[in-house]
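Structure record follows, encoded as structure tokens.
The values are calculated or read from the model by the stated rules, or taken from the named source; none is laboratory data. Keep in mind it's a predicted model, so treat the numbers as computed, not measured. All Cβ positions, even for glycine, are placed from backbone atoms using ideal geometry, and neighbour counts span all protein chains on display. The area values use the complete protein model at the heavy-atom level, side chains included, leaving out ligands, DNA and RNA. Shrake-Rupley method; radii C 1.70, N 1.55, O 1.52, S 1.80 Å.
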Amino acid sequence: MSTISQILSDSIRDVPDFPKPGILFKDISTILSSPELLRHSVNELTATAGGEKIDKVVGIDARGFIFAAPVALNLDAGFVPIRKQGKLPWQTHSMAYSLEYGENVVEIHQDAILPGERVLLVDDLLATGGTAAAAVKLIHQLDAELVAASFLIELSDLNGRELLGNTIVNAVVRY
Ligand code: AMP
């Protein structure tokens, strides 16, 4: 891991048994409250685009939004939210998925990404990959080109990458 990744890794707080027994929650509030660590996180996530032209940065509800919007500004791209069911006001596509602790449905506005636009997907954490896989399906449903998926944290043991098929997956901090 790079020095910055190590500093970020050391800053993330482990909270056992949240929100359910057996889940070790990775609490990023310790990063968000530091301007230096927040800036490093956003810049590392931006770098995962590898200098590629990006039209839209898609963030996943809710912690993904925190990082995806500043990454979008860094890349001179637009920001598009994928939200939990019932939150988006316009016409949506929906996708059901299971996550480490429950079941959910995510949605995207049908006109949020134009066909052929180049997309970077951003979320705070890749666990089982169910959430990100649903997001990838929604992006493909809009005929966009998914350049890469970038996560601040990857829980490697859960093999979330496998659910993402041939998507390029980057993570700043791996456990
Ligand atoms: P998954 O669909 O299993 O990859 O779960 C990823 C989503 O659930 C991310 O949006 C995370 O915010 C959240 N999440 C899952 N597991 C954890 C964890 N151990 N600590 C913090 N957030 C988690």
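Which order do Phe65, Phe151, Phe18, Phe79 take by accessible area at a 1.4 Å probe, largest first?
Heavy-atom accessible area, descending, gives Phe18, Phe79, Phe65, Phe151.
Quick one: which residues, 5 or more positions from Ile153 or on another chain, have an amide H under 5 Å from its amide H? H modelled 1.01 Å from N in the peptide plane, none for Pro or chain starts.
Sorted by chain and number, the residues that satisfy this are Leu125, Leu126, Val172, Val173.
Leaving out ligands and nucleic acids, note down the accessible area per residue over the chain with a 1.4 angstrom probe, in whole Å².
For the chain, the per-residue accessible area is 48 Å².
Just read off the accessible area of Arg118 with the full protein assembly in place, 1.4 Å probe, to the nearest 10 Å².
50
Using the structure shown, select from Lys20/Lys137; Lys53/Lys84; Lys20/Lys87; Lys87/Lys137 the pairs with a Cα to Cα distance greater than 21 angstrom.
Beyond 21 Å between Cα atoms: Lys20/Lys137; Lys53/Lys84; Lys20/Lys87.
Pull up the cross-link candidates among the lysines for Lys26, meaning alpha carbon to alpha carbon under 16 Å and not fewer than 8 places away within one chain.
Within the straight-line limit of under 16 Å, Lys26 reaches no lysines at all.
Give me a comma-separated list of calculated 3J(HN,Hα) values for the stretch 112-127, in order, Karplus coefficients 6.51, -1.76, 1.60 applied at θ = phi - 60°, integers in Hz, x for any Gly or Pro.
6, 10, 7, x, x, 5, 9, 10, 10, 8, 10, 9, 6, 8, 9, 10
Give me the net charge of Leu32's neighbourhood, meaning all other residues with Cβ under 12 Å from the Cβ of Leu32; Lys, Arg count +1, Asp, Glu -1.
Details: positive: Arg13, Arg39, Arg63; negative: Asp27, Glu36, Asp124.
Cβ neighbours under 12 Å give a net charge of 0.
If all Cα-Cα distances of the stretch 58-157 are sorted into 10 Å bins from 0 onward, what percent lands in each bin, rounded to whole numbers?
For the stretch 58-157, the binned pair fractions read 17, 53, 28, 2 percent.
Which far-off residues, 5 or more places away or on another chain, put their amide H under 5 Å from the one on Val169, with H placed in the peptide plane?
Close amide H contacts, sequence-distant or interchain: Ala149.
Can you give me the P(r) profile for the chain? Cα pairs, bins 10 angstrom wide beginning at 0, each as a whole percent.
10, 41, 37, 12, 0
Counting only protein heavy atoms and a 1.4 Å probe, tell me what percentage of the chain's accessible area is made up of carbon and sulfur.
On the way: 4380 of 8470 Å².
Exposed carbon and sulfur together represent 52 percent of the surface.
Name the residues whose placed amide hydrogens come within less than 5 Å of the amide hydrogen of Gly78, ignoring near sequence neighbours (fewer than 5 apart) on the same chain.
Lys56, Val57
Rounding to the nearest 20 debye, state how big the charge dipole of the chain is about its Cα centre with +1 on each Lys and Arg Cβ and -1 on each Asp and Glu Cβ.
Dipole size: approximately 160 debye.
Can you give the FRET efficiency to the nearest 0.05 for Arg174 and Ser34, using r as the Cβ-Cβ distance and R₀ = 25 Å?
Calculated value: 0.75.
Give me the percent relative contact order of the chain, please, defined on Cα pairs under 8 angstrom at least 6 residues apart.
Relative contact order, the chain: 19 percent.
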